[in-house]
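J.: Starting off with a structure, shown below.
A short reminder: the numbers here are calculations on the coordinates, not readings from a lab. Bear in mind the structure is a predicted one, so any value in this text is a computation, not a measurement. Here the Cβ is made from the backbone with ideal geometry for all residues, glycine too, and neighbour counts use every protein chain on show.
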Amino acid sequence: MDYNAKLKYGTEEVEIKVKGAVSVEVLNPDPMPEIEDVEAAFLAAVTDKAIGSEPLKDKISTEDKVTIVVSDITRSWMHQGDIITLLGHYLHDEMKVPFENITILIALGTHRKSTEQEKEIIAGSYMYSNVTVIDHDCDAECTYVGTTSRGTEVRVNPLVVGRKVIVVGGTVHHMMAGFGGGRKNILPGVASRKTIRQNHQRALDPNIAHSDPRVGCALLQDNPINEDMNEAAALVDVTYGINIVVATSGRFSGLFGGDLYEAWKESCLFQKKCYEKWIDHEADIVIVSSGGAPKDMNLYQGCKGMMNGIRAMKEGGQMLWLCKCPEGCGAPDYTAWLSPLKEGNLDPALRADFTIGGFIFYLTVENLKKGEVRILTTIDNDTTEPMGMKAFTDASLFTQGIDFTGKSVYVIPYGGSVVPMVEGVD
């Protein structure tokens with residue numbers, strides 16, 4: 001069987017020719033509804049379709065100080081600026097909240113600071129021009145709001161304490177928390193570095209040199225990361241949550257507003273129906289793209305495509321992974337762990353000085369052990385090879401020597417979103 005796979009690579013498209021395969025299956029998300037009237041859908045999400053909550057107008061008065069918590073530029077695929085613009089008009093025009101009472105807080109977690117241009121993209125030009133838009137700083141002074149049952153000391157940005165807080169985020173599968181969005185905009189979004197570290201270090205198995213098997217994509221029940229995040233977010237008095245689900249076309253597919261947890265939970269169920277793909281076997285070869293820009297802006301963000309794709313690859317199989325990474329590896333903390341990896345002590349080093357970037361690096365290396373992985377990227381091979389994958393910058397060399405004859409093949413064009421679920425395994 002022959003097949004020409006056309007996959008996104010940054011802002012480009014790369015074609016990979018499959019020849020002589022016994023089977024080729026393309027794993028795409030199920031067809032998703034696309035919202036035609038976004039303004040009407042937004043109004044429904046903050047009024048009569050509020051989930052587990054009174055409508056937004058019944059929860060905020062004109063005198064209230066309001067903080068809108070929104071995800072950073074790495075989540076710009078969800079076009080949160082469009083929703084923030086509608087929210088701004090609703091708060092100011094309909095609810096008569098003065099602009100000076102509104103602040104937009106970008107939930108950076110431990111990510112780099114936003115540029116002014118990025119702030120305008122995140123908040124939308126209308127709100128950027130009318131209200132204060134600031135980055136969260138996980139190393140600045142944060143306010144203690146309580147301790148979770150697992151012992152995480154929850155300290156958060158002062159702007160989410162004693163004010164009316166509206167959380168706007170995108171719901172996607174997440175390699176640690178099961179699903180992103182919702183409570184994740186509080187922890188790690190606007191939490192202190194220590195709080196984030198205490199939560200995220202629960203991702204390591206307490207007994208062996210491995211990640212905790214309860215932690216992972218699509219896993220919520222008994223996931224210590226997720227459950228700790230839920231407890232932490234409950235310590236912040238969030239007034240309203242707005243959760244965005246986006247189709248692979250980039251258009252809005254679902255808007256879920258209401259109680260922080262209940263509305264987010266509904267968005268997770270919606271996401272599962274569209275993006276989880278059940279398969280009856282693992283393939284010899286998987287061809288996967290992280291989904292192109294901005295999902296492959298750096299390796300730290302783009303590795304989600306590989307981790308999703310490798311779920312569909314049999315032990316000892318081969319993977320062709322497209323992840324351009326114009327910003328390189330991303331967080332400096334990610335590649336800082338190359339040294340302990342080369343020295344053979346990555347696990348003890350991470351346990352001694354746990355960082356988020358370190359764990360994502362750890363998880364990347366752990367996943368790459370499953371088989372042979374090649375990556376088409378702008379990152380040099382000296383960086384990727386110790387991790388367990390060979391880097392190529394030339395698409396023709398990328399596939400050289402890969403024999404598809406008689407092999408089963410999966411093609412996953414949107415690896416950053418599509419989650420293969422193997423029957424009898426997950």
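J.: Could you tell me which of the pairs LYS304/LYS369; LYS6/LYS370; LYS8/LYS390; LYS272/LYS390; LYS184/LYS265; LYS59/LYS273 are separated by over 22 angstrom between their Cα atoms in the structure shown? Mind showing how you got there, number by number?
T.: Values: LYS304/LYS369 15 Å; LYS6/LYS370 25 Å; LYS8/LYS390 19 Å; LYS272/LYS390 32 Å; LYS184/LYS265 12 Å; LYS59/LYS273 31 Å.
In this structure, LYS6/LYS370; LYS272/LYS390; LYS59/LYS273 exceed 22 Å between Cα atoms.
J.: Sticking with this one: Can you give me the angle between helix 299-309 and the longest principal axis of the chain, using Cα atoms only, in degrees from 0 to 90, rounded to the nearest 10?
T.: Roughly 60 degrees between the two axes.
J.: Determine the relative contact order of segment 280-426: mean sequence separation of Cα pairs under 8 Å and six or more apart, normalised by residue count, in whole percent. All intermediate terms of the calculation are to be shown ahead of the outcome.
T.: Working: 287 pairs, mean separation 53.3, N = 147.
Once normalised by length, the contact order is 36 percent.
J.: On to the next question. Over the chain, what relative contact order in percent results from Cα pairs under 8 Å that are six or more residues apart?
T.: Numbers: 992 pairs, mean separation 87.8, N = 426.
Over the chain, the number comes to 21 percent.
J.: By how many degrees, between 0 and 90 and to the nearest 10, does the Cα long axis of helix 260-275 differ from the longest principal axis of the chain?
T.: For 260-275 against the chain, the angle is about 30 degrees.
J.: Could you check what % of the DSSP bridge pairs in the chain are antiparallel, to the nearest 5? Mind showing how you got there, number by number?
T.: Details: 21 of 70 bridges.
Of the beta bridges lying entirely in the chain, close to 30 percent run antiparallel.
J.: Any idea what the dipole of segment 1-118 comes to, in debye rounded to 20, about its Cα centre with Lys/Arg Cβ at +1 and Asp/Glu Cβ at -1? Intermediate values should be presented prior to the final figure.
T.: Values: 12 positive and 22 negative charges, 108 e Å.
About 520 debye.
J.: Which of the peptides 130-138, 93-101, 208-216 is most tightly packed, and how do the rest follow, judged by the mean count of other Cβ atoms within 10 Å per residue?
T.: 130-138, 208-216, 93-101
J.: Charges on Cβ only, +1 for Lys and Arg, -1 for Asp and Glu, centred on the Cα centroid of segment 111-252; of ILE122, ILE134, LEU220, which one is farthest towards the dipole's positive end?
T.: ILE122
J.: Oh, and also: Counting only residues 5 or more places away or on other chains, whose amide H sits under 5 Å from the amide H of ILE375 once H atoms are built in the peptide plane?
T.: Amide H neighbours of ILE375: TRP321, LYS390, ALA391, PHE392.
J.: Oh, and also: With each label point set 7 Å from Cα along the Cα-Cβ vector, what nm distance links THR11 and ASP380?
T.: The answer from the label model is 2.6 nm.
J.: Tell me, what ³J(HN,Hα) does each residue in segment 33-49 have, in order and in whole Hz, if you take phi through Karplus 6.51 cos²θ - 1.76 cosθ + 1.60 with θ = phi - 60° and put x for Gly and Pro?
T.: Values, residue by residue: x, 10, 6, 7, 10, 5, 5, 5, 5, 5, 4, 5, 5, 10, 10, 6, 9 Hz.
J.: Of the listed values (i) 0.95; (ii) 0.97; (iii) 1.04, grab the one calculated as Rg/Rh (Cα atoms, Kirkwood Rh) from the structure here.
T.: Matching entry in (i) 0.95; (ii) 0.97; (iii) 1.04: (ii).
J.: Sorted by mean Cβ packing within 10 Å, highest first, what order do the peptides 142-155, 188-201 take? Don't skip to the end; give the middle numbers.
T.: Working: 142-155: 17.0, 188-201: 23.6.
Most protected by this proxy first, the peptides run 188-201, 142-155.
J.: What do you get for the angle between helix 80-89 and the principal long axis of the chain? Use alpha-carbon atoms, 0 to 90 degrees, nearest ten.
T.: With both axes taken from Cα atoms, the answer is about 10 degrees.
J.: While we're on this one: Under a 5 Å amide H to amide H cut-off, with H placed in plane at 1.01 Å, what residues pair with CYS329 once short-range neighbours are removed?
T.: LEU299
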